[in-house]
Amino acid sequence: MSDDIQELKDVFLKKHKSYLGRIPSIDFFPEAYELFLTYATPEELDEDIITRDTLQKITTQLGWD
């Protein structure tokens with residue numbers, strides 16, 4: 001399997017596992033990503049995914065709630 005296909009599979013799996021299909025390192029602007037690094041669990045950091053709970057913490061901190 002080519003590296004490009006494997007990379008696409010990896011992104012698809014991350015989007016499937018992550019809340020709202022968001023991949024923090026790709027989808028977040030810098031301030032939101034910094035907050036992600038602050039609030040994320042070790043699993044979220046390791047897999048570059050986000051949970052609903054972590055996203056709520058970020059949106060609250062940004063004043064979007």
*Would you be able to tell me the number of residues in the range 1-43 that are of a type in the set (G, A, S) and either part of a loop (DSSP other than H, G, I, E, B) or in contact with a Leu (Cβ under 6 Å, 6 or more places away or on another chain) (or both)?*
3
*Say whether the condition of being of a type in the set (D, E) and in contact with a Lys or Arg (Cβ under 9 Å, 6 or more places away or on another chain) is met by at least one residue in the range 37-60.*
yes
*Considering only the range 44-55, how many residues are exposed (fewer than 13 other Cβ atoms within 10 Å of the Cβ) and not in a helix (DSSP H, G or I)?*
0
_I want to confirm something. Restricting to the range 16-32 and keeping residues that are surrounded by 14 or more Cβ atoms within 10 Å (Cβ to Cβ) and among the charged types (D, E, K, R), which single residue is farthest from W64 (Cα to Cα)?_
K17
*Qualifying position, being touching a residue at least 24 places away in the same chain (Cβ under 8 Å), loosely packed, with under 13 Cβ neighbours inside 10 Å, out of contact with any Cys (no Cβ under 9 Å at 6 or more places or on another chain) and not hydroxyl-bearing (S, T, Y), among L13, L8, L35, L62*: L62
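Every read-out reported here was derived from the displayed coordinates using simple, explicitly stated rules and does not represent laboratory data. Computed from a predicted model, the values in this text were never measured in an experiment. As a convention, Cβ positions derive from the backbone with ideal geometry for all residues, glycine included, and neighbour counts pool all protein chains shown.
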